[in-house]
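Please treat every number below as a calculation from the coordinates, not as lab data. Just so it is clear, the model here is predicted, and its values are computed rather than measured. Here the Cβ positions follow ideal geometry from the backbone for every residue, glycine too, while neighbour counts run over all protein chains shown.
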Amino acid sequence: MRLPARRIAPGRAEGTALVSAVPFSFVGGADAASGEILDEATGLRGERFGGRVFAFPHGKGSTVGSYAIYGLAKRGLGPGGIINDRAETIVAVGAILGGLPMVDDVDVRGILTGDRIVLDADAGEVVLPDVEAKPVVSVFLRNRGRVLLVRRSERVGSFQGRWSAVSGYLEGGEDPRERAVQEVREETGMKAVTFRAEGRAVVARHGSTAYVVHPFLFDAPRRDVRLDWENVEHRWISPDEIDAFDTVPRLKDVLISALRGR
Amino acid sequence: MRILVAIGDMSRAPRLVPITSAHVSGASYKMVGDPGLEFLEDFALEARVAVPTTVNPLGTDLRQWRELGVPPDFAEKQERIARAYETMGVRPVYSCTPYLLGARPGMGEHIAWSESNAVCFANSVLGARTNREGGPSALAAAIVGATPDYGLHRDEGRQPTLVFDVGARIRDFGFSLLGLFAGKEAGDGLPYFRGFRATEEDLKWLGAALASSGSCGMFHLERGTPEWRSAKTKGLRTVRVAEGDLEDVRREYTTGDRPDLIGLGSPQLSADELRGIARLVDRTPPRIPVWVFVSRIVRDACPEAVATIERHGGRVLADTCLEVTLLEHRFGTVATPSGKGAYYLPSLCKQKVVLDDIRALLERYA
């Protein structure tokens, strides 16, 4: 799998991934003398960076964090590279001072601790050679503040019975937005929908498979939906109701990304 | 330069803009620790500042540390941090109130300051332009002489995001309470205040508290700050502030009841404020020590006030400040009128806090 990324600090790092699902502070979060992770909330307590590629959503805490990254890097105890969802100045400055390659604009939840990984900041990408990417479009139709959820039938290939947005696989080289329009037509019978936004890709991992979901938001002129064989029921919900539904993995993140746009 | 370009890219800044001064936080050994000491010493081997640069308070007064019971190792490392900064060419005055030290940036001047209260004062009261820099980015800007042009450097970044309609009567200590209240409401927004008048000193306390409980880099005061006329308030959410709201804030931040120190600073006091405190202490001597935090310049300018406070068992400490100094080795509860102090003392100094007006505190602990 290849994920596009934005270069923050130049360079390339190769190795295994170390992933925290929560924001991280290098002050208090790691021991300066050993490079051992201390922050319990990361789920990595007791691990050492040891040159691995460290992925976490974003930095937090004191700006002294920049100096802490520098100190770890100087002693060879820090990560070999850094991947963030969204870079902020503390970690970005630290990576530059420490000479560590760094990228952001990557959904770090698509990476698992232990994955083989190549971080190529200069090429602007992150590569997971052992992970197979399955690109998918996921479309939220919106009408007067409500968005459409559909429940997947027993006849589809995956996640039967779960709630989802209108979705479909992308075939090689296909334009995601065109595929999105087509899926809407097939699954709902609606033709006159209006493109509103495409969000940043959300990566949902399922073992060594990664569903790379391209989120879309379209406005629908009406609410009458004609389902095809792929779905068995539908519901127009307010976006804050999504937690009440048993959905396909990470559908809430896909919705947030679609609503936010690029 | 690479730091500034990376920050500029992340913030979608179209260019770097030249600056006339820098102010760098991250000088207290208590705050930056060994990682900061190591970096600053390495950096000082080559780096030199390109514009007039001031630095935040240290972790102790290096001329009085023995009397304060500061461990020698701490003082030695603190001394090395100061030396590293001075090697880089900064002005050797360690203050969180660079705007009181003579060289004040003017209206529209671009600067790169860290230290949240100084940022708030420079933007709001002086009309200068700076983002809320972190220590490392302000240092990078000092060396390059420029900073990324985004946020508060641009007209559109200086527009208010919410209005505070203040019905309460605000005097002296009330500005700290109002700042704490408004910062919590405003978050990372930009407040527009109306309903009171204020001196420059009042605005200093308001901004310091505002920039602590919120991450505000600027505010407007109707008929009070230089850019209020260009602020567009139409359609903004309005928050009304009554006396009771401020009393709630005072109670919320009061976490102790038996202080063993009265701490006055955060930010450092001006010469006028120091003289005023000396008069109050002389009139109502407290039975617990009073520590007053000022810049070296102010301490040297007010020998009589210093002597008065010391005669009553207090201290006037220079080049350091209330929340970045070493208190936790001696004290457990600090009484202070500073909103910023009340906000940071529990986390940075492991102190309980009694937040109240200085006159009330002196009378209560006389």
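If you take the square roots of the eigenvalues of the alpha-carbon gyration tensor of segment A:151-262 and sort them as a ≥ b ≥ c, do you get rounded (a/c under 1.5), prolate (a/b over b/c) or oblate? Rounded, since a/c falls under 1.5. Note on A:Asp130 and B:Asp42: the model spin-label points, each 7 Å out from Cα along the C-beta direction, lie 3.2 nm apart. Applying both filters, DSSP loop and at most 13 other Cβ atoms within 10 Å, to the trypsin sites (Lys or Arg not before Pro) of segment B:230-301 gives B:Lys232, B:Lys234, B:Arg287.
Of B:Lys184/B:Lys340; A:Lys60/B:Lys30; A:Lys134/A:Lys191; B:Lys30/B:Lys204; B:Lys30/B:Lys350; B:Lys77/B:Lys340, which ones are farther than 22 Å apart at the Cα?
Working: B:Lys184/B:Lys340 12 Å; A:Lys60/B:Lys30 19 Å; A:Lys134/A:Lys191 26 Å; B:Lys30/B:Lys204 25 Å; B:Lys30/B:Lys350 12 Å; B:Lys77/B:Lys340 26 Å.
Among B:Lys184/B:Lys340; A:Lys60/B:Lys30; A:Lys134/A:Lys191; B:Lys30/B:Lys204; B:Lys30/B:Lys350; B:Lys77/B:Lys340, the Cα-Cα distance tops 22 Å for A:Lys134/A:Lys191; B:Lys30/B:Lys204; B:Lys77/B:Lys340.
Neighbours of B:Leu4, meaning other residues whose beta-carbon lies under 13 angstrom from its beta-carbon, give a summed charge of -1 when Lys and Arg score +1 and Asp and Glu score -1. Across segment A:228-237, coupling constants 3J(HN,Hα) worked out from phi with the 6.51/-1.76/1.60 Karplus curve, θ = phi - 60°, read 9, 5, 6, 10, 10, 8, 9, 8, 8, 10 Hz, and Gly and Pro carry x.
Computed about the Cα centre, the dipole magnitude for the protein assembly as shown is approximately 1080 debye when only Lys and Arg (+1) and Asp and Glu (-1) carry charge, each at its Cβ.
Could you pull out the GluC sites (Glu not before Pro) across segment A:85-139 that fall in loop regions by DSSP (anything but H, G, I, E, B) with no more than 12 other Cβ atoms inside 10 Å? Kindly include the intermediate steps, with their values, before the conclusion.
On the way: sites: A:Glu88, A:Glu125, A:Glu132; in loops: A:Glu88.
Taking segment A:85-139 and a limit of 12 other Cβ atoms within 10 Å, no loop GluC sites (Glu not before Pro) are found.
Look at the dipole of segment B:2-153 built from charges on Cβ: of B:Ala112, B:Ala82, B:Gly134, the Cα furthest out on the positive end belongs to B:Ala112.
Is the shape of segment A:216-262 best called rounded, prolate or oblate, per the rule: a/c under 1.5 gives rounded, else a/b larger than b/c gives prolate, else oblate, with a ≥ b ≥ c the square roots of the Cα gyration tensor eigenvalues? Because a/c hits 1.5 or more and a/b fails to exceed b/c, segment A:216-262 counts as oblate.
Quick one: which of A:93-101, A:190-198, A:245-253 comes out on top by average Cβ neighbours within 10 Å, and what's the full order, highest first? The partial results should precede the final answer.
Values: A:93-101: 25.0, A:190-198: 14.7, A:245-253: 17.8.
Taking the mean over residues of other Cβ atoms within 10 Å, the ranking is A:93-101, A:245-253, A:190-198.
Sorting B:Tyr150, A:Tyr67, A:Tyr169, B:Tyr343 from the fewest to the most surrounding beta carbons within 10 angstrom yields A:Tyr169, B:Tyr150, B:Tyr343, A:Tyr67. Counting every other Cβ atom within 10 Å of each residue's Cβ, A:Phe54, A:Phe49 order from fewest to most as A:Phe49, A:Phe54.
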